[in-house]
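Since every read-out is calculated from the coordinates, none of them should be taken as a lab result. What you see is a predicted model; the values in this text were computed from it and never measured. So basically every Cβ, Gly included, is an ideal-geometry build from the backbone, and we count neighbours across all protein chains shown.
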Amino acid sequence: MSMRCTLVGMPGSGKSTVGRHLARRLACPFVDMDQLLEERLGCSIRDYFDAHGEAAFRDREAALLAELAAHGAGAVLSTGGGTVLREGNRVLLRSACAPVFYLRASADEIWRRLRHDHKRPLLQVQDPQERLRALYQTRDPLYREVAHYVIETRRATVQGLVNMVQMQLELAEAGAGTAPR
C-alpha cells in the first residue's frame, strides 16, 4: 500500500476531520472511504444498507480498500468504522507500507458526539447507546490489531490530533522508513 497513512477507528472518532486537516498540512490527497463509497453507490450508506444489507456493503467496502491499497499513492486514507471487521481487510491494513493510526475514543465519548446523528445505519436501533458500546467491544481489539499507533482523542483538539499523527509520521520517516509494530 502506498498510502501516506491510514486512519481507523469507531464512527465519530474523528477520522474524516483529522484526515482532511492532516492531508491539507502534508499537501497530499485525502480519501474518505465512506464518502467515496457513497459517490460510487449513488446513494447514502444508510440507504444501501437498507436496500442490500450489511454483507453487500462490506463486499463493496473491501473491494474499495483493495483498490485504494493498489492505487492510492501518497494519500491520507480515512477508513469506514467497520472496515476492520473482515479479516482480509485487516491483513491488507497490517501489511501496508503506510502507518495505521487508531483514533481511539471511548464508547461514551462517541455517544456524546453522535447522539443526534441519524445518518449512521448501525445506530438506527432501539438503544443506540448500548449498540455503540457493543460495537466498541467488538471493534476496539480489531483496531488495535491493525494499528501501528494508538492516538487517544479524548482531550485533544483536531489540531492537536493532527500534530500527534504528523509527529509520528515524521519520526517513522526519519527512522527506518517503516512504522513500528
Subject >> the chain, dipole about Cα centre (Lys/Arg Cβ +1, Asp/Glu Cβ -1), debye to the nearest 20 >> reply: 420 debye
Subject >> Per-residue HN-Hα couplings for the range 124-133 [Karplus 6.51, -1.76, 1.60; θ = phi - 60°; Hz; x = Gly/Pro] >> reply: 8, 10, 4, 10, x, 5, 5, 4, 4, 4
**OP:** Measure nothing but the geometry: give the 0 to 90° angle between the long axis through the Cα atoms of 54-71 and the longest principal axis through the Cα atoms of the chain, rounded to 10°.
**Re:** 20 degrees
Original post:
Dipole size in debye (nearest 20) for the range 39-130 around its Cα centre, Lys and Arg Cβ +1, Asp and Glu Cβ -1?
Top reply: 240 debye
**OP:** Kindly express, to the nearest 10 degrees and within the range 0 to 90, the angle between helix 15-26's C-alpha long axis and the longest C-alpha principal axis of the chain.
**Re:** 30 degrees
Subject >> Hz values of 3J(HN,Hα) by residue in the range 6-13 - Karplus curve (6.51, -1.76, 1.60), Gly and Pro given as x >> reply: 10, 10, 10, x, 5, x, x, 7
**OP:** Kindly identify the range 135-176 as rounded, prolate or oblate by the Cα gyration tensor criterion: order the square roots of the eigenvalues as a ≥ b ≥ c, call it rounded if a/c is under 1.5, otherwise compare a/b with b/c, prolate if a/b is larger, else oblate.
**Re:** oblate
Subject >> Value of D in µm² per second that Stokes-Einstein yields for the chain, Kirkwood Rh from Cα pairs, at 10 °C (1.306 mPa s) >> reply: 96 µm²/s
Original post:
Using helices alone, what [θ] at 222 nm do you get for the chain, with -39,500 (n - 2.57) per DSSP H run of 4 or more residues, divided over all residues and rounded to the nearest 500?
Top reply: -17000 deg cm²/dmol
